[in-house]
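The values are calculated or read from the model by the stated rules, or taken from the named source; none is laboratory data. Only a predicted model underlies this, so the values are computations on that prediction, with no experimental measurement involved. For neighbour counting, all protein chains shown are included, and Cβ atoms are generated from backbone atoms with ideal geometry for every residue, glycine included. Protein only, heavy atoms only, side chains kept; ligands, DNA and RNA dropped before computing areas. Shrake-Rupley method; radii C 1.70, N 1.55, O 1.52, S 1.80 Å.
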Amino acid sequence: GENVEQHPSTLSVQEGDSAVIKCTYSDSASNYFPWYKQELGKRPQLIIDIRSNVGEKKDQRIAVTLNKTAKHFSLHITETQPEDSAVYFCAATPGTYKYIFGTGTRLKVLA
Amino acid sequence: GAVVSQHPSWVICKSGTSVKIECRSLDFQATTMFWYRQFPKQSLMLMATSNEGSKATYEQGVEKDKFLINHASLTLSTLTVTSAHPEDSSFYICSAMGSGGRAYEQYFGPGTRLTVT
């Protein structure tokens, strides 16, 4: 069935370092891959997304890469700051509009 | 733009009663809305897809008679938890999907924390 694996489940980095979160999806029909940031008790916020016709997308300190052949995509955060601390979720869209979310990564940026 | 509201933000109810949660897209029309459930420190689990003017599509394992969804207009979808029990206590989040150039993008409401005593 449809499945999205996300790793790592927790990640601690020193302020200023980079953070990388990886996701693998199972349905090759997926063509849209958003990343969400969720702070405790708040709504998920879209931070970046990528469509299947693009291999990489960047927005300031955040970038996403997509490897369709391997069916995996990654979130890269450079020059991390304490306010980047949150839970990050990836998602895939298996040929329909619904999202299948990854299990989440709890990122802690240590000052 | 793309603001989604949800009401109430939290609710406490007694076991056996019903609770209605509203999800509204404030500045755009949403033909499709989604309802998720999130347990502490876990991911978002899709419960159902709500389409304006038609019956909701429920995910496997979600009881449609317990979680009633109505999408009466392009800006409003409601989730009613009927005969709530303590195991229904959770964080419920809705989202609304954009259209046109924003197709596929989902915008989330702030969530409703339900506690059943």
| message | Considering only residues that are hydrophobic (A, V, I, L, M, F, W, C) and part of a loop (DSSP other than H, G, I, E, B), which ones fall in region A:88-111? | response | A:111
| request: Determine if region B:58-67 includes at least one residue that is at the interface with another protein chain (Cβ under 8 Å from one of its Cβ atoms), touching a Phe, Trp or Tyr at 6+ places or on another chain (Cβ under 9 Å) and either loosely packed, with under 15 Cβ neighbours inside 10 Å or within 18 Å of residue A:2 (Cβ to Cβ) (or both). | output: no
| query | Of the residues in region B:80-96, how many are surrounded by 19 or more Cβ atoms within 10 Å (Cβ to Cβ) and more than 14 Å from chain A (Cβ to nearest Cβ)? | reply | 3
| query | How many residues are under 24 Å from residue B:17 (Cα atoms) and open to solvent by 80 Å² or more (accessible area, probe 1.4 Å) if we restrict to region B:40-56? | reply | 3
| message | Pairs needed: first member in region A:82-111, facing chain B (nearest Cβ under 8 Å) and among the aromatic types (Phe, Trp, Tyr); second member anywhere, open to solvent by 10 Å² or more (accessible area, probe 1.4 Å) and assigned to a loop (DSSP other than H, G, I, E, B); C-beta distance under 6 Å; at least 6 residues apart or different chains. | response | A:101/B:43
| remark: Of those in region B:19-39 that are away from chain A (no Cβ under 11 Å) and of a type in the set (S, T, N, Q), the residue most open to solvent (accessible area, probe 1.4 Å) is B:29
| field | Residue identified as under 29 Å from residue A:31 (Cβ atoms), within 12 Å of another protein chain (Cβ to nearest Cβ) and touching a residue at least 24 places away in the same chain (Cβ under 8 Å) among B:99, B:77 | value | B:99
| Single condition residue A:87 does not satisfy, out of (1) farther than 25 Å from residue B:34 by Cβ; (2) surrounded by 14 or more Cβ atoms within 10 Å (Cβ to Cβ) | (1)
| message | Tell me which strands (runs of 3 or more DSSP E) are completely within region A:1-72 and hold 2 or more residues being open to solvent by less than 70 Å² (accessible area, probe 1.4 Å) and away from chain B (no Cβ under 13 Å), or say none if there are none. | response | A:10-14, A:19-25, A:62-67
| said: Just the residues that are touching a residue at least 40 places away in the same chain (Cβ under 8 Å) and either among the β-branched types (Val, Ile, Thr) or in contact with a strand residue (DSSP E or B) (Cβ under 8 Å, 6 or more places away or on another chain) (or both), please, taken from region B:80-90. | reply: B:80, B:81, B:82, B:84, B:85, B:86, B:90
